[in-house]
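A.B. asks: One structure follows; several queries about it will come next.
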């Protein structure tokens, strides 16, 4: 009976070690703080993606998590672009606006020491226009 209980608890504990997803509530709170308090300062979220990638999507399939969150807050895309970054093959920059607040979001694919794998991060900076 004791062995069955040990097996049960080990399976139970083992099932609790699922892959952690980023705490999206944290990102929502951090975005609210950046929108309200940033005056052009850049805030980077290096662990917004929980895994490396071997592929860089085409522009029409590219998704930025911070952009999606800002869209949900009522921001609209005003401009976008992409280019090469010295530490990675691509950087995507999207400008967004809501009322007097303008934000720039950048997604960077950094080269890693693991062959053909890239780490993805996102950065944001916001400014309020006092016109």
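A.B. asks: Is segment 18-28 home to any residue that is modelled with pLDDT of 90 or more, surrounded by 11 or more Cβ atoms within 10 Å (Cβ to Cβ), farther than 19 Å from residue 127 by Cβ and out of contact with any helix residue (DSSP H, G or I) (no Cβ under 8 Å at 6 or more places or on another chain)?
C.D. replies: No: zero hits.
A.B. asks: Of the residues that sit in segment 99-120 and are in contact (Cβ under 8 Å) with a residue 60 or more places away in the chain and surrounded by fewer than 17 Cβ atoms within 10 Å (Cβ to Cβ), which one is farthest from residue 59 (Cα to Cα)?
C.D. replies: Among those residues, the one meeting the criterion is 114.
A.B. asks: Another question, if that's okay. Given the criteria touching a helix residue (DSSP H, G or I) at 6+ places or on another chain (Cβ under 8 Å), outside any strand (DSSP E or B) and modelled with pLDDT of 90 or more, does residue 69 qualify?
C.D. replies: yes
A.B. asks: Right, residue 96: touching a helix residue (DSSP H, G or I) at 6+ places or on another chain (Cβ under 7 Å) and surrounded by 11 or more Cβ atoms within 10 Å (Cβ to Cβ) or not?
C.D. replies: So residue 96 passes the test.
A.B. asks: For residue 91, all conditions in the list (1) modelled with pLDDT of 90 or more; (2) under 18 Å from the mean Cα position of the chain (by Cα); (3) exposed (fewer than 15 other Cβ atoms within 10 Å of the Cβ); (4) part of a strand (DSSP E or B) hold save one; what is the number of the exception?
C.D. replies: If we test residue 91 against (1) modelled with pLDDT of 90 or more; (2) under 18 Å from the mean Cα position of the chain (by Cα); (3) exposed (fewer than 15 other Cβ atoms within 10 Å of the Cβ); (4) part of a strand (DSSP E or B), just (3) comes out false.
A.B. asks: Going by the structure shown, is residue 40 modelled with pLDDT under 95 and outside any loop (DSSP other than H, G, I, E, B)? Break it down stepwise before answering.
C.D. replies: Working: modelled with pLDDT under 95: yes; outside any loop (DSSP other than H, G, I, E, B): no.
So residue 40 fails the test.
A.B. asks: From (1) more than 13 Å from residue 53 (Cα to Cα); (2) out of contact with any helix residue (DSSP H, G or I) (no Cβ under 6 Å at 6 or more places or on another chain); (3) in a strand (DSSP E or B), pick out the condition that doesn't hold for residue 130.
C.D. replies: Looking at each condition in turn, residue 130 falls short on (3).
A.B. asks: Here is a further query. Report yes if some residue within segment 63-79 is surrounded by 10 or more Cβ atoms within 10 Å (Cβ to Cβ), closer than 17 Å to residue 120 by Cβ, without any contact (Cβ under 8 Å) to a residue 40 or more places away in the chain and over 12 Å from the mean Cα position of the chain (by Cα); otherwise report no.
C.D. replies: No, segment 63-79 contains no residue that is surrounded by 10 or more Cβ atoms within 10 Å (Cβ to Cβ), closer than 17 Å to residue 120 by Cβ, without any contact (Cβ under 8 Å) to a residue 40 or more places away in the chain and over 12 Å from the mean Cα position of the chain (by Cα).
A.B. asks: Follow-up question, since we're still on this one. Filter segment 43-66 down to residues that are within 17 Å of residue 96 (Cβ to Cβ) and in a loop (DSSP other than H, G, I, E, B) and give me whichever is modelled with the highest pLDDT.
C.D. replies: 64
A.B. asks: Can you find even one residue in segment 101-111 that is out of contact with any helix residue (DSSP H, G or I) (no Cβ under 9 Å at 6 or more places or on another chain) and outside any strand (DSSP E or B)?
C.D. replies: No, there is no match, as no residue in segment 101-111 is out of contact with any helix residue (DSSP H, G or I) (no Cβ under 9 Å at 6 or more places or on another chain) and outside any strand (DSSP E or B).
The values are calculated or read from the model by the stated rules, or taken from the named source; none is laboratory data. Predicted model, so just to flag it, every value in this text is computed and none were measured. Reconstructed Cβ throughout: ideal geometry from the backbone, glycine too, with neighbour counts over all protein chains shown.
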